[in-house]
Amino acid sequence: MDATPTASLGHEGTAPLLRRLWREHIRHHRGKLLVVLALTIIMAATQAVYPEVIKDAVAMFARRDRRILYQVPALVACITAVRAVSWYFQTVLMQKVVLLIIRELQGRMFSHLTRADLARVEREAPATLASRFTTDAATIREALTRAVNGVADAVTIVGLIGWMIYADWVLSLIAGILLPIAAVPIQRIGRRIRRASGGMQERVGEAAALLNESFAQARTVRAYRLEGQETRRAEAAFERLYRALMSMTRSRARIDPLLEMLGGLAVAAVLGFAGWRAALGTSSIGDFAGFVAALLIASRPLRALGNLNAALQEGLAGLARVFTVIDEKPGIAERPGAAPLPAGRGRVVFEDVHFAYPDGRHALCGLSFIAEPGQTVALVGPSGAGKSSALALIPRLHDVTSGVVRLDGVDVRTVTLASLRDALAYVGQDALLFDDTVEANIRMGRPGIGNGSASTAQVVAAAQAAAAHEFIALLPEGYSTVVGPAGGRLSGGQRQRVTLARALLRDPRVLLLDEATSALDAESEAAVQEALARLRRGRTTIVVAHRLSTVRDADLVVAMADGQAVEQGTHAELLERDGLYARLVRTQALAQ
């Protein structure tokens, strides 16, 4: 899957995106929106009253009417108070609705990504995906806020126009002639801003991904003196971001001057015509003052409406990207009518399995082997042989291209994902933890709620079985110690023992280990291997091993090369055959 859907959706019309946003999110908050609309109308009405107040005040001033001393100030104070109170509650309630919609979009997008194909998630850098939840969400929030405020501005303008027509329809006609002229350039500028906004958001994601990668590789950068190279990469990303931002800035900067110029021409025309009529004595100064006040008051909401299209287009660009993520169909999905995994002891069968990654790389080419219940099967071979790819097919992190993987007699693609993965425990090469406590990280092996969750005693027992309890007890807060981002406050071996404890707590039917003991020292590895020997009884274990010393006791060793099983047998049998496995053992022995 490429980025084409994003691009195509980014050019989708305004109306379809807004209709979908209304249908899936906004309409669920209709009650709150009606209150916001009522408060908005009150705000607009109070704004539209000001020209009449000014007209009466000027007339009183001209007549030297003493009521101007108390009547007009009291009226202005009341109008201002009503407007201020309405403004406050309208703003709070409006932001509540907007933030609820953003939260719903973020929740839908995150839920989709957590269930999306592994290949899809790995296709983009984590920081690029994160920008969907930050940069795109911010632009959508700004657009929704501006849209609601645009309703207030529109109601205000309607009220002011109505008053101006009532007060002097000729001046209203003169003022209104120039306004439609602005519609065409504003529309074109809006489309340009939408394209520029989409590019800007992409550049923000790229820059965030580069920064995340560079800071994560801080040790490598310093050890290899890559500071200059990384600085040049960052400067290039910042330059692309700068150009994208400037493109959008130039487009947006055209709107206000355009509206200012047209508004100035409208005011000039009104002043000229009204001055001519005043010279003829056909209008009063109060009428003139009220009309000019209405015209000037209308200039701010008119300018805001002119900018609304620009903000809306930016938000639509972000909304299109969010909906693109939400709409992606996962390749790993349950078949209609999928049944739960039947009871069994964990018999795993690979039958002529072929697998290729979405980018076309072939990882497995006809792999076949059988892991009988309770057996430990070791997949060994040179780098790139397809060992980890084979392991990932069992929990359906990927799906076979052809052939079949069976668990207890059924194709893993025909059962529900929940029942399949509940029967498995997986420990990968990268022992990454969540930024939570040690206990919480282990407890994730059995994340049920209430009676389904693991007890503290079970968590401790799993840690003891994984040779992790002793170092955990020495941590500042024991099992309540927060491990930091990706478990960075623990050593590599400690992190790996915690992830192994998590897998052991799951008490799975099949245990999948992708070189799960590679980061352990000799003493800890011996303890873990002893624990695993106990836990393997009655449970199928499939282990990817690069250190061949860890597979001597395996019931079956599958030596792989180029995605195929070249030879199978016990450690002793394969040594006697003097084939690929024997060569690998000799090579590692010489390296040590």
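What follows is calculated from the coordinates using simple rules that are stated; it is not laboratory data. Here the structure is a predicted model, which is why all the values come from computation and not from measurement. Ideal geometry is used to build each Cβ from the backbone, glycine not excepted, and the neighbour counts take in all protein chains shown.
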> Which residues in segment 409-435 have a backbone N closer than 16 Å to a point placed 7 Å from the Cα of Arg547 along the Cα-to-Cβ line?
Replying inline: 428-431
> For segment 312-380, what D do you get in µm² per second when you plug the Kirkwood radius from alpha-carbon pairs into Stokes-Einstein at 37 °C and 0.692 mPa s?
Replying inline: 195
> Label Val121 and Ala236 with points 7 Å out from Cα along Cα→Cβ: what is the distance between them in nm?
Replying inline: 3.0
>> Counting C-alpha atoms alone, how compact is segment 66-144: give Rg to one decimal and Dmax as a whole number, in angstrom.
In response: 23.0, 80
> Which ordering of Tyr70, Tyr242 is given by a fewest-first count of other beta-carbon atoms within 10 Å?
Replying inline: Tyr70, Tyr242
> What FRET efficiency would be calculated for the residue pair Gln229, Ser491, taking the C-beta separation as r and a Förster radius of 22 Å, to the nearest 0.05?
Replying inline: 0.15
> If each residue's Cβ is checked for other Cβ atoms within 10 Å, how do Trp22, Trp87 rank with the fewest at the top?
Replying inline: Trp22, Trp87
> For the residues Ile26, Ile326, what sequence is obtained by ranking on other C-beta atoms within 10 Å, fewest first?
Replying inline: Ile326, Ile26
